[in-house]
Amino acid sequence: MRHDDSQQFASDNYSGICPEAWAAMEMANRGHAPAYGEDVWTQRAADAFRTRFETECDVFFAFNGTAANALALAALCQSYHSVICADSAHVETDECGAPEFFSNGSKLLTVRTEGGKLTPEAIRGLAQNRNDIHFPRPRVVTITQPTETGQVYSLAELQALSATCRELGLALHMDGSRFANACASLGCSPADMTWRVGVDVLCFGGTKNGMHAGEAVVFFDRKLAEDFGYRCKQAGQLASKMRFLAAPWVGMLESGAWLRNAVHGNACARLFAEAVSGLPGVRTLFPVEANAVFLTLPPATMDGLRARGWRFYTFIGGGARFMFAWDARPERVEQLIGDLRALSAEAA
Ligand SMILES: *Cc1c(COP(=O)(O)O)cnc(C)c1O
């Protein structure tokens with residue numbers, strides 16, 4: 001692959017497919033295989049999850065995170081229930097109402113948060129605020145690990161959240177579109193961050209982790225997975241050539257690429273944040289705990305970066321967002337740092 005200057009840090013899904021995922025797809029492409037998940041790749045991918053998570057669990061493969069989240073939440077709710085989430089949660093701000101749609105109307109109840117983290121107090125406040133027949137009954141808590149702005153819940157925080165959920169009779173769902181980055185950040189096992197702290201259902205993101213597409217819905221409480229296959233099919237999420245959604249997971253999980261990729265993204269984010277945080281007019285908005293860096297920048301500096309060809313978003317988290325994927329090239333990160341250094345010196 002020829003390296004050019006097209007690499008951007010606007011989003012981690014600007015990246016391509018990592019070699020391990022690609023190789024597994026290439027292997028899966030050598031001949032025919034049964035359709036709709038009856039193939040050996042799908043079996044092997046589900047087994048790889050069970051091995052990696054050190055437990056029996058039920059695994060389903062969806063095309064993207066919106067579908068995975070929406071269908072997982074729908075499986076946890078009746079239409080008259082409600083789901084507690086952070087105000088910045090992807091399910092609230094970026095899924096076009098899919099969770100409400102697929103649950104036939106379960107309401108999302110949002111909490112104002114710093115950095116997208118829910119707390120036991122916030123959950124208790126919302127869950128106990130109303131218990132009359134006129135209010136949709138709280139049934140699920142959904143958390144994003146790491147959050148949309150790149151903060152990571154510690155194991156103790158997760159434990160406290162799940163204890164509150166148990167006490168209040170709420171199920172706990174984790175949106176792990178960047179789950180691997182959180183594991184890399186905490187240095188803990190996938191099991192430690194999920195079922196061992198009481199997570200009932202996890203949506204594990206493959207796309208941002210280095211795959212072409214795909215999210216796995218992992219049910220640790222296997223009773224909740226009953227009929228989930230029908231839900232996926234009805235929602236248009238049952239791939240007929242399922243092996244191409246499943247095989248990259250085999251490549252990722254069996255080779256360890258899922259974690260290596262995340263370690264690399266996180267390291268690039270840290271390198272970038274450390275290099276630019278002292279520059280005049282530049283401030284990091286949130287602690288850098290995963291692969292995201294949010295900066296407040298003077299308007300002239302933002303214009304200057306864009307004039308030099310850099311792309312970044314400003315509509316998430318209220319600053320300029322930079323995301324570092326599995327394939328972030330250190331030279332390219334250095335270029336961005338150099339441009340930011342030059343522009344902030346001009347602005348000062
Ligand atoms: C990217 C992302 C998703 C999944 O988005 P899709 O575009 O539907 O794949 C889900 N949650 C969070 C927090 C995300 O950043």
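Here are the numbers for this structure:
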read-out	value
Residue selected from the stretch 77-95 under the condition open to solvent by less than 10 Å² (accessible area, probe 1.4 Å) and not β-branched (Val, Ile, Thr), by the criterion farthest from the ligand (Cβ to nearest atom)	Ser82
Lone unmet requirement of (1) within 11 Å of the ligand (Cβ to nearest atom); (2) in contact with a Leu (Cβ under 6 Å, 6 or more places away or on another chain); (3) not basic (Lys, Arg) for Ser177	(2)
Conditions (1) over 20 Å from the mean Cα position of the chain (by Cα); (2) within 13 Å of the ligand (Cβ to nearest atom); number of the one not met by Ala67	(1)
Hey, Arg306 in contact with a Ser or Thr (Cβ under 8 Å, 6 or more places away or on another chain) and under 29 Å from His90 (Cα atoms) or not	no
Candidates Ser106, Ser82 - the one that is under 16 Å from Val201 (Cβ atoms) and of a type in the set (S, T, N, Q)	Ser106
Out of Gly214, Gly229, Gly210, sole residue that is within 16 Å of the ligand (Cβ to nearest atom), under 20 Å from Arg44 (Cβ atoms), in contact with a strand residue (DSSP E or B) (Cβ under 8 Å, 6 or more places away or on another chain) and in the same structural domain as His173 (by TED's automatic domain parsing)	Gly214
Residues of the stretch 4-21 that turn out to be part of a helix (DSSP H, G or I) and surrounded by fewer than 17 Cβ atoms within 10 Å (Cβ to Cβ), as a count	3
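The values are calculated or read from the model by the stated rules, or taken from the named source; none is laboratory data. Since the model is a prediction, treat every value here as computed from it, not as a measurement. Every residue, glycine among them, receives a Cβ derived from its backbone with ideal geometry; neighbour counts consider all protein chains shown. Heavy atoms of the whole protein, side chains included, go into the accessibility calculation; ligands, DNA and RNA do not. Shrake-Rupley method; radii C 1.70, N 1.55, O 1.52, S 1.80 Å.
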